[in-house]
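Each remark here refers to the structure printed beneath this line.
Bear in mind that the values in this text are calculations on the coordinates, not laboratory data. Predicted model only: the values in this text are computed from it and were never measured. Here Cβ is always computed from backbone atoms with ideal geometry, including for glycine, and neighbour counts include all displayed protein chains.
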Amino acid sequence: MNSKFLDLDKGRQDAVINASLKAFAINGYKRASTDEIVKSAGISKGLLFHYFESKKGLYEFLHDYSVKYMSMELLRDVKGEPGNIFLLQKEVERARIQVMKKYPYMQKFLNGAEKEAHTEAAQAIEHNRRNLREVYESLYGKITANFLKAPADMERIRKLLEWVSEGVLQDSLKEEEVNFKKMEEELEGYMELFQECFLEQEEG
């Protein structure tokens, strides 16, 4: 990446970042159109490639930026309560929603990047894939299965939480304007339901 991109005012930077995140998140690496990106961002194609040299360079920058930004928000806002995966997941979702208010397609982009099979794209971001996974493992490492009705179900519960999170995200992005309050309430509702289903209840 050409460092001159960082000399742009933040509004113009974010216009390029958001246009690019949306294109890659919706279409994947191969089908994402740089013509669509520059039209949405309001810059010329020549200027885009002046800043990033290639589509691969833009993708690599976006992933690096997204991993750093998301990691910062998660590590700052997610404290977690030992033993309760559902309360921790609530905090994770709140942090992600805060990110979405500035970068609506960042989480969807990161979800897609985890599954990206295009060789050029996958090679460009492999080192950062590990970095974000390590952040999540540091957060979920605070959790034990001791408080679950069936402790052996921990991995299946984590997978279920991933599916629910991604499903609510997909539905929210279909709306003309994302309703963040509704999104948060829906996710918290699922977490409360799962607590009742899977967590040992205190007697009393």
Relative contact order (%) - criterion: Cα under 8 Å, at least six apart; region: the chain: 23 percent
Peptides ranked, highest mean first, by Cβ atoms within 10 Å: ranges 177-190, 22-35: 22-35, 177-190
Sorted peptide list for 88-101, 151-164, 40-53, criterion being average Cβ within 10 angstrom, highest first: 88-101, 40-53, 151-164
Subset of K68/K90; K142/K181; K108/K181; K55/K79; K55/K181 violating a 30 Å alpha-carbon distance limit: K55/K79; K55/K181
In sequence order, calculated HN-Hα J values of the range 143-152 (Karplus, 6.51, -1.76, 1.60; Hz; x Gly/Pro): 8, 10, 8, 4, 8, 7, 4, 10, x, 5
Acute angle (nearest 10 degrees) that the helix 154-174 long axis makes with the longest principal axis of the chain, alpha-carbon atoms: 50 degrees
Residue-by-residue Karplus 3J(HN,Hα) for the range 69-77, coefficients 6.51, -1.76, 1.60, Hz, glycine and proline x: 5, 5, 4, 4, 5, 5, 5, 7, 9
Sites S40 and E114 - FRET efficiency at Förster radius 35 Å, r taken between beta-carbons, to 0.05: 0.90
CD proxy at 222 nm, helix term only [per DSSP H run n ≥ 4: -39500 (n - 2.57); per residue of the chain; nearest 500]: -25000 deg cm²/dmol
Distant-in-sequence amide H partners of L148 (H built 1.01 Å from N, under 5 Å): E200
Nearest-ten-degree value, helix 85-102 long axis tilted from longest Cα axis of the chain: 20 degrees
Hz values of 3J(HN,Hα) by residue in the range 104-113 - Karplus curve (6.51, -1.76, 1.60), Gly and Pro given as x: x, 9, 5, 5, 5, 4, 5, 4, x, 5
Positive-end extreme of charge dipole, the chain - chosen from Y140, S66, M100 (charges on Cβ): S66
